[in-house]
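Below: the structure, in structure tokens.
The values are calculated or read from the model by the stated rules, or taken from the named source; none is laboratory data. Note that the structure is predicted; figures quoted are calculated from it, not measured. So basically every Cβ, Gly included, is an ideal-geometry build from the backbone, and we count neighbours across all protein chains shown.
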There are 2 protein chains.
Amino acid sequence: MTTQKPTILAGIEAGGTKFNCVVANAVGDILHQQIFPTRLPEQTLTDVAAYFTSQSQRFGTIGALGIASFGPVDLDTRSPQFGHILSTPKVGWSHYDLRGFFAKTFAAPIGFETDVNGALLGEYTQGAAAGLRHAAYVTIGTGIGAGFLVNGQLLQGLSHPEIGHSFLARHPQDSFIGNCPFHQDCVEGLAAGPAITARWGASNSLPPDHAAWSLQAFYVAQLCVNITHFIGPEVIILGGGVMQQAHLFPLIRAEFKRLINGYCSEALLQRLDTYIVPPLLGNNAGQIGALYLAARALQGD
Amino acid sequence: MTTQKPTILAGIEAGGTKFNCVVANAVGDILHQQIFPTRLPEQTLTDVAAYFTSQSQRFGTIGALGIASFGPVDLDTRSPQFGHILSTPKVGWSHYDLRGFFAKTFAAPIGFETDVNGALLGEYTQGAAAGLRHAAYVTIGTGIGAGFLVNGQLLQGLSHPEIGHSFLARHPQDSFIGNCPFHQDCVEGLAAGPAITARWGASNSLPPDHAAWSLQAFYVAQLCVNITHFIGPEVIILGGGVMQQAHLFPLIRAEFKRLINGYCSEALLQRLDTYIVPPLLGNNAGQIGALYLAARALQGD
């Protein structure tokens with residue numbers, strides 16, 4: 001007697017330091033997960049493929065994969081480079097066809113997005129953006145990236161958002177020249193983790209009352225003002241390593257209020273505690289988003 | 001013998017100084033147009049309504065109206081203030097129910113958008129964004145506003161874009177404090193027409209080799225970089241009174257290239273002449289967009 005094997009979903013949160021792999025049943029309940037360190041593409045992906053193959057033998061047929069990848073990546077489905085990593089300082093990964101590897105290895109549809117869009121989708125399905133139409137997810141760590149959801153759709157123009165390399169106003173007392181190798185004092189060059197370390201000699205180990213944090217709040221709040229005026233989300237979720245400093249949130253909200261100076265709805269000003277928030281899913285947002293991408297791919301979306 | 005009267009479309013480009021009114025047949029051919037100076041709401045709109053009534057007697061039944069309005073306006077169809085002007089220094093217009101006036105006066109569906117979204121839709125249907133999926137229209141005049149089209153849809157979050165009040169980096173040699181009454185040195189406070197006049201004593205009368213224009217190009221180019229990184233349009237159309245200075249375009253493109261410093265696709269850098277462009281429809285973009293809004297409303301969209 002043979003029985004039909006159940007369909008399972010495979011999710012990959014592909015980061016610059018680790019690949020967080022997860023399998024779930026068709027309704028998204030997580031069955032197993034494992035982390036692999038990011039090395040050269042072939043080494044990393046051979047391990048990931050072997051993992052999913054073994055999980056498939058255990059739990060069922062892989063119906064679809066969802067990949068939320070570090071960037072920059074080409075997300076234009078009409079591009080010959082769709083699903084490739086673009087130019088990156090990460091050794092071996094420039095122009096690597098990440099999506100293509102899995103398309104060749106598994107006969108299953110694939111959902112493919114940036115890591116930050118993956119985290120955004122995780123928060124949208126089960127987290128701080130659940131039930132909303134418009135949302136922003138900003139990650140502030142080694143770099144600064146963002147994903148935007150407008151009317152329930154990920155915003156995707158010619159490229160995915162790259163607001164880490166947008167410009168904003170320098171604080172009048174900030175004499176640090178910035179450390180972005182492309183633009184010196186763009187958002188990343190002034191406010192990513194390495195900029196904090198370059199300016200003060202440390203970052204997450206600085207005490208909560210250190211001047212670093214009010215300056216950081218100034219830059220992040222300014223970025224939130226710009227996101228408000230460009231996109232108009234209902235919530236701005238701030239994640240990433242730097243935002244592990246929970247004491248930053250009240251500082252950022254106060255700076256936001258000071259900087260926007262009434263140029264938004266009164267209703268928004270009254271609810272800044274629910275407008276500028278940490279991820280509700282914490283570090284799990286990315287893998288839940290990757291599973292959501294797999295579920296959508298399974299449905300042919 | 002009676003004949004069925006043809007259906008016509010009514011378009012209104014509602015500006016702070018004039019209401020540009022136009023009627024067209026069902027396929028959008030313009031039949032007549034007239035301009036009314038903007039005064040108090042009742043004075044202005046009584047004239048506009050009488051104009052459309054007389055044009056209707058002449059050409060046919062008004063099937064739908066399209067209104068592209070000065071702002072700020074409430075565009076949230078679920079809001080009780082949908083279609084109202086919000087707080088504005090324009091005497092008599094704060095909280096005026098502009099859309100409601102026409103809904104009461106004419107028994108026809110109404111398409112309602114910001115003036116800059118109207119101009120963007122005009123350029124999308126017949127102008128510089130025709131055939132594209134993603135486009136930005138920025139107007140730089142008394143104020144600075146923008147509309148974004150992503151995948152053929154106007155971007156509309158909680159509010160319409162208000163990028164005139166976003167922040168960008170000040171030029172190191174610019175000591176002008178800025179003249180936005182809310183934020184001093186936001187984009188409008190540094191680069192709208194009144195900021196140029198406040199800084200240099202004149203604006204459009206300054207000669208093309210005046211230092212005002214290279215500074216202006218720095219700010220506008222920086223705004224274009226931010227639009228590129230937030231939205232990813234295929235074209236950025238720069239309109240409005242300040243952009244009548246055609247010599248600004250090559251300066252802005254050169255500054256864009258310098259500021260983005262390779263952090264975009266090579267293909268984009270190779271075609272900046274078609275990326276940062278003036279409106280193809282010139283001053284007609286708004287009325288063509290208003291007619292497009294009417295045509296969409298007629299189709300129930």
Completion exercise
From the option list A:ALA191, A:ALA221, single residue qualifying as buried (at least 20 other Cβ atoms within 10 Å of the Cβ), under 20 Å from B:PHE230 (Cβ atoms), without any contact (Cβ under 8 Å) to a residue 60 or more places away in the chain and away from every other protein chain (no Cβ under 11 Å) is A:ALA191
Problem - Residue check, B:ALA119 in contact with a helix residue (DSSP H, G or I) (Cβ under 8 Å, 6 or more places away or on another chain) and either over 23 Å from A:SER159 (Cα atoms) or not assigned by TED's automatic domain parsing to the domain that holds B:ALA221 (or both) - result: yes
Fill in the blank from the handout: Taking the range B:1-26 and the residues there that are β-branched (Val, Ile, Thr) and at pLDDT 95 or above, the one that is surrounded by the fewest Cβ atoms within 10 Å (Cβ to Cβ) would be B:THR7
Exercise for the section: Report the residue count in the range B:255-291 for those that are over 16 Å from B:ASN226 (Cβ atoms), acidic (Asp, Glu) and out of contact with any Lys or Arg (no Cβ under 8 Å at 6 or more places or on another chain). Expected result: 1
Handout entry: helices (runs of 4 or more DSSP H) (entirely within the range B:103-215) containing at least 1 residues that are in contact with a strand residue (DSSP E or B) (Cβ under 6 Å, 6 or more places away or on another chain)
Key = B:115-126, B:187-191
Problem - the range A:139-159 - residue that is among the β-branched types (Val, Ile, Thr), within 25 Å of A:PHE82 (Cβ to Cβ) and more than 8 Å from chain B (Cβ to nearest Cβ) and, of those, surrounded by the most Cβ atoms within 10 Å (Cβ to Cβ) - result: A:ILE144
Fill in the blank from the handout: Note on the range A:278-299: residues farther than 15 Å from A:ILE8 by Cα and out of contact with any strand residue (DSSP E or B) (no Cβ under 6 Å at 6 or more places or on another chain) are A:PRO278, A:LEU280, A:LEU281, A:GLY282, A:ASN283, A:ASN284, A:ALA285
Exercise for the section: Could you check, for the range A:165-179, whether at least one of its residues is within 7 Å of chain B (Cβ to nearest Cβ), more than 21 Å from A:PHE256 (Cβ to Cβ) and either buried (at least 22 other Cβ atoms within 10 Å of the Cβ) or without any contact (Cβ under 8 Å) to a residue 60 or more places away in the chain (or both)? Expected result: yes
Problem - Which numbered condition A:GLY92 fails, given (1) touching a strand residue (DSSP E or B) at 6+ places or on another chain (Cβ under 7 Å); (2) part of a loop (DSSP other than H, G, I, E, B) - result: (1)
Exercise for the section: Go through (1) among the small types (Gly, Ala, Ser); (2) crowded, with 18+ Cβ neighbours inside 10 Å; (3) part of a helix (DSSP H, G or I) and name the single condition B:ALA254 misses. Expected result: (2)
Problem - Residue within the range A:204-218 that is at negative phi, free of Cβ contacts under 8 Å to residues at least 40 places away in the same chain and of a type in the set (D, E, K, R) present - result: yes
Exercise for the section: Report yes if B:ILE236 is under 22 Å from B:GLU162 (Cβ atoms), outside any helix (DSSP H, G or I), more than 10 Å from chain A (Cβ to nearest Cβ) and under 19 Å from the mean Cα position of the chain (by Cα), otherwise no. Expected result: yes
Fill in the blank from the handout: Note: among B:GLY157, B:GLY147, B:GLY127, just one is at pLDDT below 95 and more than 20 Å from B:GLN299 (Cβ to Cβ), namely B:GLY157
Problem - the range B:259-301 - residue that is of a type in the set (Ser, Thr, Tyr) and assigned to a helix (DSSP H, G or I) and, of those, nearest to the other protein chains (Cβ to nearest Cβ) - result: B:TYR275
